[in-house]
Amino acid sequence: MNVLQNYINGEWVNSKSNTTIDVVNPATKEILAKVPNGDDTQKDVEMAAAAAQQAYLEWKNISVLKRIQPLFKLKTLLEQNKDEISRLITMECGKTLAESAGEIQRAIENVEVACATPMLMQSEFLENVATGIDEFMIRQPLGVTACIAPFNFPAMISFWFLPYAIATGNSMIIKPSEKVPLTMMKIFELLHQIDLPKGVVNMVHGGKASVDGLLDHPLVKSISFVGSTPVAKYIYARGTANGKRVQAQGGAKNPVVILPDADIEMTSQIITDSVYGCAGQRCLAASVVITVDDNKKIKESLVEAAKSRTVGYGLNNGIDMGPVISNESKTRIESLIDKGVAEGASVLLDGRNKKVKGFEQGNFINPTIIENLSLSGELIKTEIFGPVMSLVQMKTVDDAIAFINQNVYGNMACLFTNSGSSARKFRNEAMAGNIGINIGIAAPMAQFPFSGWKESFFGDLHGQGKHAIEFFTQTKVVVERWPKEWSRKF
Ligand code: NAD
């Protein structure tokens with residue numbers, strides 16, 4: 001069985017670790033590869049950091065116009081290889097082919113935005129800040145940067161950071177999720193072809209040990225993390241204690257609110273796409289659906305829309321929803337549904353213990369809807385990260401906003417309405433970093449920061465767009481006077 005190699009200093013190299021774990025197709029249970037894991041992966045991090053530092057020292061002095069040229073090539077290669085990368089994502093992560101292709105498109109858009117780095121990296125200049133004295137600010141790269149990615153978007157998430165990091169003159173080490181490393185293997189084959197100097201981009205596999213290696217390595221100057229909240233907190237604490245710049249995006253529990261004036265059919269279609277897309281394994285998946293006032297019609301419509309989704313292997317035609325990532329996830333999600341029931345909820349649509357013909361071992365859960373969930377219970381606060389909708393009824397939009405604002409997470413909140421004034425109030429008062437109005441997945445496009453709040457984000461500057469440019473550069477202010485001016489009277 002193929003043991004995956006790291007990519008360090010422009011070459012494919014074996015890991016120093018002999019321990020591996022299996023990469024498993026969540027639908028078929030086929031073992032796709034073995035990925036290095038275990039303590040010795042820290043030695044891989046050391047090699048990568050040394051190579052990345054060496055590369056950075058030269059790369060930072062290459063003109064920014066030259067630094068973006070490889071990104072144009074990367075965009076073309078990603079487009080040309082979209083089908084193959086999509087298949088890999090579907091095979092290791094489980095989402096449908098259409099979802100996988102959509103994810104690559106989002107990655108490409110970040111490459112496009114990073115091509116504007118010669119504009120985005122420009123800074124400020126003030127002539128005559130005092131007589132004969134000019135003051136200006138420049139942005140310089142940090143050095144070796146690192147990205148630690150989750151399983152649910154094996155291609156896209158590293159692209160919230162990678163193109164910006166290298167365009168601004170840094171080098172980067174990527175640590176993909178050990179559950180889905182094959183997509184990034186293919187992407188590094190493409191990165192190998194775009195004429196980047198050796199060591200500017202590197203990839204090290206592994207789990208906690210390689211992450212800790214990155215968090216502790218003195219040459220690594222920044223960490224861009226995306227994953228669950230407990231790990232995000234840990235990364236932020238340990239990374240910043242070691243003096244690094246850290247942006248750590250965490251988990252979510254996203255509420256959507258439906259007002260009585262919303263279009264029922266459109267709303268239920270959009271919301272079911274949000275809840276069940278990628279089998280609910282998106283950090284922007286709607287999880288708690290709050291209906292304001294009488295909810296009979298919308299409830300019926302949501303159940304119909306959820307029932308109509310075809311569950312199966314994402315490589316096959318006509319599939320709307322694939323499996324969840326692992327057996328452990330399936331067990332965890334099904335026991336959370338049980339917990340909701342124990343807390344007084346009723347199951348309107350039960351997706352537990354379902355089998356897909358031909359893929360009986362797969363980690364499938366069908367669309368599930370639970371209602372009458374206790375507002376003081378645990379489940380209403382817990383990230384399920386699976387295809388489960390919790391339906392809750394409230395009296396007013398103010399009640400809904402108050403409920404949203406006591407949520408410990410703040411990744412996304414959405415409102416469905418025809419009322420401009422309700423929408424305006426909602427976007428102003430709801431305490432979440434990404435707001436959707438008649439949108440089910442309020443995913444910021446590459447030009448905007450991915451703005452999680454509260455326990456969905458630890459740090460100051462988010463991924464994507466101008467935030468990424470700022471994150472990957474440090475400002476230097478220069479106050480300047482030239483001898484000719486010295487003779488002036490002050
Ligand atoms: P995870 O936290 O388990 O893993 C993320 C990364 O951290 C992986 O590379 C993993 O190897 C590493 N890791 C895991 N445990 C670790 C530990 N104890 N110490 C050090 N490193 C560790 O997350 P996941 O299951 O891969 O991804 C799902 C989670 O990611 C969900 O909570 C989801 O909401 C979140 N997510 C958030 C966003 C966002 O933008 N906020 C986007 C995607 C996913």
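Bear in mind these aren't lab numbers, they're just calculated from the coordinates by the rules spelled out. Please read these numbers as outputs of a predicted model, since none were measured by experiment. When we count neighbours, we look across all protein chains shown, and the Cβ atoms used for this are built from the backbone with ideal geometry, even at glycine.
Things worth noting here:
- Antiparallel content of DSSP bridges confined to the chain, in %, to 5: 40
- Sparse packing (at most 13 other Cβ atoms within 10 Å of the Cβ) combined with a DSSP loop state is found for the following GluC sites (Glu not before Pro) in region 304-384: 360, 378.
- Between region 342-408 and region 468-484, the alpha-carbon center distance in angstrom: 50
- Taking every alpha-carbon pair under 8 Å whose residues sit at least 6 apart, region 126-282 reaches a relative contact order of 20 percent.
- DSSP-defined antiparallel bridges as percent of all bridges, region 254-437, nearest 5: 10
- Principal-axis analysis of the Cα atoms of the chain puts helix 420-429 at an angle of about 60° to the longest axis.
- Panel values: the chain, Kirkwood radius from alpha carbon pairs, Stokes-Einstein at 20 °C and 1.002 mPa s, translational diffusion coefficient 91 µm²/s.
- Mean sequence separation of contacting Cα pairs (under 8 Å, at least six apart), scaled by the length of the chain, corresponds to a relative contact order of 18 percent.
- For the chain, size of Cβ-based charge dipole, Lys and Arg +1, Asp and Glu -1, in debye: 720
- Note on region 240-386: Cα Rg divided by 2.2 N^0.38 Å, N the number of residues, gives 1.13.
- Computed label-point distance, nm, for sites residue 395 and residue 418 using a 7 Å Cα→Cβ extension: 2.6
- Here is how the number arises for the chain: DSSP H runs of 4 or more residues each give -39500 (n - 2.57), the sum is divided by the residue count, and the result at 222 nm is -11000 deg cm²/dmol.
- Whole-Hz Karplus values for region 333-341 come out as 5, 5, 6, 5, 4, 4, 5, x, 4 Hz, taken residue by residue from phi with 6.51 cos²θ - 1.76 cosθ + 1.60 and θ = phi - 60°; glycine and proline positions read x.
- Restricting region 121-220 to trypsin sites (Lys or Arg not before Pro) in coil, as DSSP defines it, with at most 10 other Cβ within 10 Å: none
- Distant-in-sequence amide H partners of residue 133 (H built 1.01 Å from N, under 5 Å): 128
- Taking amide hydrogens as placed 1.01 Å from N in the peptide plane, the amide H of residue 463 sits under 5 Å from those of 450, each at least 5 positions away in sequence or on another chain.
- Close amide H contacts of residue 348 (hydrogens built in the peptide plane, cut-off under 5 Å, sequence separation of 5 or more or a different chain): 369, 370, 371.
- With a simple spin-label model that places each label point 7 Å from the Cα along the Cα-to-Cβ direction, the separation between residue 18 and residue 195 comes to 4.4 nm.
- Residue 381/residue 128 FRET efficiency (R0 41 Å; Cβ-Cβ; nearest 0.05): 0.15
- Phi angles of region 279-295 translate, via the Karplus equation with coefficients 6.51, -1.76, 1.60 and θ = phi - 60°, into HN-Hα couplings of 6, x, 9, 10, 6, 10, 5, 5, 10, 10, 9, 9, 9, 9, 6, 5, 10 Hz per residue; Gly and Pro are given as x.
- Using θ = phi - 60° in the Karplus curve 6.51 cos²θ - 1.76 cosθ + 1.60, the 3J(HN,Hα) couplings for region 9-19 round to 6, x, 9, 7, 9, 6, 5, 6, 9, 8, 7 Hz; x is entered for Gly and Pro.
- The trypsin sites (Lys or Arg not before Pro) of region 386-439 that meet both conditions, a loop assignment by DSSP and at most 16 other Cβ atoms within 10 Å of the site Cβ, are 395.
- Pairwise FRET efficiency - residue 60 versus residue 478, Cβ, R0 = 22 Å, nearest 0.05: 0.80
- For region 1-70, the relative contact order is 28 percent, taking Cα pairs closer than 8 Å that sit 6 or more residues apart in sequence and dividing their mean separation by the residue count.
- Shown is the FRET efficiency for residue 140 and residue 43, computed with R0 = 30 Å from the Cβ-Cβ distance and rounded to the nearest 0.05: 0.50.
- Cα-based shape type of region 342-475, given that a ≥ b ≥ c are square roots of the gyration tensor eigenvalues and the cut on a/c is 1.5: oblate
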